[in-house]
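Report on the following structure.
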Amino acid sequence: MKKNRFRSFALSLAAAIGFISFANTNVPCNNQTVYAVSDKALVNLKYHNKEIVTVDHDQPQFSKSTLSKKKGPWQKYSQLDYLNRAHAANALLNKRLMPHSQRAALTWNPTGWHNKRIASGWLYNRCHLIGYQLTGQNNNPRNLITGTRELNDPDMLKYENEVAEYLRSSSKNYVRYRVTPIFKGNDLLANGVEMEAEATSKNGPRFNVYIFNEQPGMLLNYKTGTSKVKHGSSTIAEHVKSRKRSTSRVTKKRTIHHIKGTVSTAEHRVVGNRRSKIYHVMNGQNYHMSSANAVYFNSEAAAQAAGYRKSLR
């Protein structure tokens with residue numbers, strides 16, 4: 001009897017040790033999928049040229065109680081920590097929370113804010129955890145982190161747009177939503193963000209993804225938020241100087257063929273994102289974007305005629 005009890009205890013202890021070891025294992029990133037990862041695993045996850053990976057088989061981890069619609073929509077933001085960093089932002093989203101006015105300029109500088117111009121535009125954005133278009137939260141320090149342009153738009157934005165489109169389609173639609181920035185130790189710049197969404201009905205959005213806070217061509221110091229250009233890349237100043245040298249003898253006008261039947265060589269003041277079908281004006285947060293995704297228009301009317309809608313950011 002004592003031997004059997006000892007064997008049972010030994011087996012239980014071995015299983016517990018095995019589970020703990022697995023929870024802290026660095027799971028490799030294959031085919032943009034990371035399985036059975038914990039927050040600790042996300043902290044140690046390494047970037048391997050894939051900006052977005054799925055977490056826990058793309059299944060969000062919400063308790064049933066927080067999916068209840070009995071008390072209507074709600075939003076909750078974590079307190080800033082001792083380093084002034086924002087943490088998890090939670091909400092039960094509904095059309096009632098969505099803003100009806102244009103977003104004002106952002107003034108709060110999140111931790112790690114050392115912005116600079118690079119060849120593709122601004123390196124960093126003041127990045128909302130829960131997008132402005134979903135709740136109208138804007139200059140809320142508990143909802144802002146320093147995020148690269150690539151993280152903010154197009155990566156996070158495409159998931160926000162999926163949720164926003166579903167919410168706008170009916171006032172009866174609800175989505176449980178959580179965005180968690182992942183910081184390593186006392187780093188001031190987040191390694192990335194985990195985005196989770198689960199509609200309360202079966203036909204709505206459902207995802208659990210991790211997006212790296214990376215920018216092509218840049219080396220980021222996550223401890224401070226400072227950065228430097230990778231070998232072979234260039235800052236905006238170097239890019240402009242090079243362009244001036246190459247066009248010093250022959251001045252070429254920029255020709256745009258994106259709008260059917262028209263060609264314009266004017267200075268374009270509206271830029272659209274080819275992937276999200278959203279356009280930005282000069283004073284907007286996301287006006288500067290990667291040229292690979294940019295479509296230029298000489299007016300908002302032209303952008304709208306081409307099927308683009310105005311950004312709320």
**Message:** Given (1) exposed (fewer than 15 other Cβ atoms within 10 Å of the Cβ); (2) modelled with pLDDT of 95 or more; (3) at negative phi, identify the lone condition not met by Leu129.
**Reply:** (1)
**Item:** Residue in the range 105-118 that is in contact (Cβ under 8 Å) with a residue 60 or more places away in the chain, in a loop (DSSP other than H, G, I, E, B) and over 25 Å from Met218 (Cα atoms) present
**Value:** yes
**Message:** Among the residues of the range 165-173, are any of a type outside the set (Phe, Trp, Tyr), at pLDDT 95 or above and within 23 Å of Val53 (Cβ to Cβ)?
**Reply:** no
**Asked** Among the residues of the range 79-99, which ones are surrounded by 13 or more Cβ atoms within 10 Å (Cβ to Cβ), more than 18 Å from the chain's Cα centre (by Cα) and touching a residue at least 60 places away in the same chain (Cβ under 8 Å)?
**Response** Leu80, Leu92, Asn94, Lys95, Met98, Pro99
**Asked** Can you pull out the residues in the range 186-203 that are modelled with pLDDT of 95 or more and either closer than 13 Å to Asn90 by Cβ or over 20 Å from the mean Cα position of the chain (by Cα) (or both)?
**Response** Asn186, Glu194, Met195, Glu196, Ala197, Glu198, Thr200
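The values are calculated or read from the model by the stated rules, or taken from the named source; none is laboratory data. Quantities reported herein were computed from a predicted structural model and do not represent experimental measurements. So basically every Cβ, Gly included, is an ideal-geometry build from the backbone, and we count neighbours across all protein chains shown.
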